[in-house]
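The values are calculated or read from the model by the stated rules, or taken from the named source; none is laboratory data. Bear in mind the structure is a predicted one, so any value in this text is a computation, not a measurement. All Cβ positions, glycine included, derive from the backbone under ideal geometry; neighbour counts span all protein chains shown. The area values use the complete protein model at the heavy-atom level, side chains included, leaving out ligands, DNA and RNA. Shrake-Rupley method; radii C 1.70, N 1.55, O 1.52, S 1.80 Å.
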Amino acid sequence: MAKILIVEDEKLLNEAYELVLKRGGFDVSVAFNGEEALDIVSQTKPDLILLDLRMPKMDGVAFLQKLKPADKYPDMKIIVFSNYDEQREIDEAFKYGATRYILKAWNSPSELIKVVKETLESDSKDS
Amino acid sequence: MARNNTEVRNESHDAIEQLENQIERLILEQRALNKRASSLQRRNLRLEELNKLKNEFIAVASHQLRTPATGVKQYLGLLLEGYADALTPSQTLFLEKADESNNRQLRIIDDLLQVARIDSESFKLHMSTLEIKKIIEKVVEDLQDKLKSRNQKIVYQLPDKPIPVRGDSERLRMVFENLIDNASNYSPSGTTITIKLRPSKNSAVIEIKDEGVGINRQDFPKLFQKFSRVPNPLSVEVGGTGLGLYWALKIATLHGGGIKVQSRIDKGSTFTVSLPRA
């Protein structure tokens, strides 16, 4: 069972994603900011992280900078799931190790499952 | 009769005085003009600043609006996709309508953000050499469900050889999505949308022709204005912000191309995009 970590500060969305991914057959853990997420990653080593960018305490990019996925977790997939689609933020996320960048507003539960499965199955990173 | 010296001297004196007055007046006018110019310059800078603030405000407000709409989308999705108890047909129908309405809100937010972005100084295109045919085929593929539900057909008229252009693939994809989506929205079901791609001297020309409600000639200039919507029998049903064509024309223009429209009421419209060849 693939392990997924949801990092999302909006409780409403965090709960919805948890329900959907658990129902989708994944082993799910949740965090509400980058700091919590770093702790969980070191304990559970998830296969995939669903990562929001703008969060209190430690935002998504700062989390990626600390996590250093390319060096420490080369097989870990990271889907940035953000409502901000400014080019600068997209570039930064990829620079620090994101696998995909998706505008979360348009994703229904079934689309979320689809994106997660596709990403877990993919070998390479988005350009 | 010869005039005496005193008369001549007096006249010269008067002329000099007049000139001096004139010069003084001109200097005063010049000063006033300089003052006015610098005041206009200051006002211009202030307007530029306000415009920038307006764009920033639209961007921040739109992003903030996306969050609650994302929650609505997720939870409606949970209900519609069976994560809760089974729904009756009318419950499903009402939830689908709520989802449709929320999607419309998300589209408005997307449009506002696109326009705020293109109007900002930092906007730039990411250029590469592209094959327009591929971009259009991808747009049609993405719109396939909608076209099918409206029983509308796409007919291609393509040249034998590809016509490469220099362009921003994502932005051009959005331009064609906007135009083909409009062609579908403003045409009755069962009609055909013809997409023709042809080379001209220095450009690639893409025509999107529908069999829809058409546009009055006097409304042509309004079509490409920001927040302007031209009333027609389908405009209320379609909704929209009146930003799509403004944005599309701006993108085409930034590429060094343009968009033209030809239309007749009840006969349909043709939007012609031209883009410089690579």
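Applying a threshold of 8 Å to beta carbon distances and a minimum spacing of six or more residues, or different chains, the list of pairs starting in the range B:57-76 at a residue that is within 7 Å of chain A (Cβ to nearest Cβ) and assigned to a helix (DSSP H, G or I) and ending at one that is open to solvent by less than 20 Å² (accessible area, probe 1.4 Å) and basic (Lys, Arg) reads B:Thr70/A:Lys104.
For the range B:121-175, the tally of residues that are open to solvent by 80 Å² or more (accessible area, probe 1.4 Å), modelled with pLDDT of 90 or more and of a type in the set (Gly, Ala, Ser) stands at 1.
Can we say B:Gln30 is of a type outside the set (A, V, I, L, M), at pLDDT 90 or above and open to solvent by 70 Å² or more (accessible area, probe 1.4 Å)? So B:Gln30 fits the description; yes.
Applying the selection to the range A:32-50, what residues are touching an Asp or Glu at 6+ places or on another chain (Cβ under 8 Å) and closer than 17 Å to A:Ser82 by Cα? Reasoning before the result, please.
Taking the range A:32-50 as the starting set, the residues that turn out to be touching an Asp or Glu at 6+ places or on another chain (Cβ under 8 Å) are A:32-34, A:47, A:50.
Hits for the range A:32-50 are A:Phe32, A:Asn33, A:Gly34, A:Leu50.
Note on the range B:164-199: residues that are more than 16 Å from B:Gly244 (Cβ to Cβ) and in contact with a His (Cβ under 9 Å, 6 or more places away or on another chain) amount to 5. In the set (1) more than 13 Å from chain A (Cβ to nearest Cβ); (2) under 28 Å from the mean Cα position of the chain (by Cα); (3) among the aromatic types (Phe, Trp, Tyr), the condition left unmet by B:Phe123 is number (1). Scanning the range B:176-206 for residues being among the charged types (D, E, K, R) and either in contact with a helix residue (DSSP H, G or I) (Cβ under 8 Å, 6 or more places away or on another chain) or surrounded by 18 or more Cβ atoms within 10 Å (Cβ to Cβ) (or both) gives a total of 2. When the range B:109-138 is filtered for residues that are assigned to a loop (DSSP other than H, G, I, E, B) and touching a His at 6+ places or on another chain (Cβ under 8 Å), only B:Leu125 remains. In the range B:240-273, of all residues being charged (D, E, K, R) and in contact with a Gly (Cβ under 8 Å, 6 or more places away or on another chain), the one that is most open to solvent (accessible area, probe 1.4 Å) corresponds to B:Arg264. Among the candidates B:Phe220, B:Phe176, B:Phe224, the residue that is in contact (Cβ under 8 Å) with a residue 60 or more places away in the chain and within 16 Å of the chain's Cα centre (by Cα) is uniquely B:Phe176. Of all residues in the range B:77-95, those satisfying the criterion of being closer than 27 Å to B:Ile109 by Cα, surrounded by 13 or more Cβ atoms within 10 Å (Cβ to Cβ), among the aliphatic types (A, V, I, L, M) and more than 9 Å from chain A (Cβ to nearest Cβ) are B:Leu79, B:Leu95. For the range B:251-266, the set of residues classified as more than 13 Å from B:Phe220 (Cα to Cα) and at pLDDT 90 or above consists of B:Ile251, B:Ala252, B:Thr253, B:Leu254, B:His255, B:Gly256, B:Gly257, B:Gly258, listed by residue number.
Taking the condition under 26 Å from the mean Cα position of the chain (by Cα), open to solvent by less than 30 Å² (accessible area, probe 1.4 Å), over 24 Å from B:Gln225 (Cβ atoms) and of a type in the set (A, V, I, L, M, F, W, C), does B:Ile109 pass?
Spelling it out, it is not the case that B:Ile109 is under 26 Å from the mean Cα position of the chain (by Cα), open to solvent by less than 30 Å² (accessible area, probe 1.4 Å), over 24 Å from B:Gln225 (Cβ atoms) and of a type in the set (A, V, I, L, M, F, W, C).
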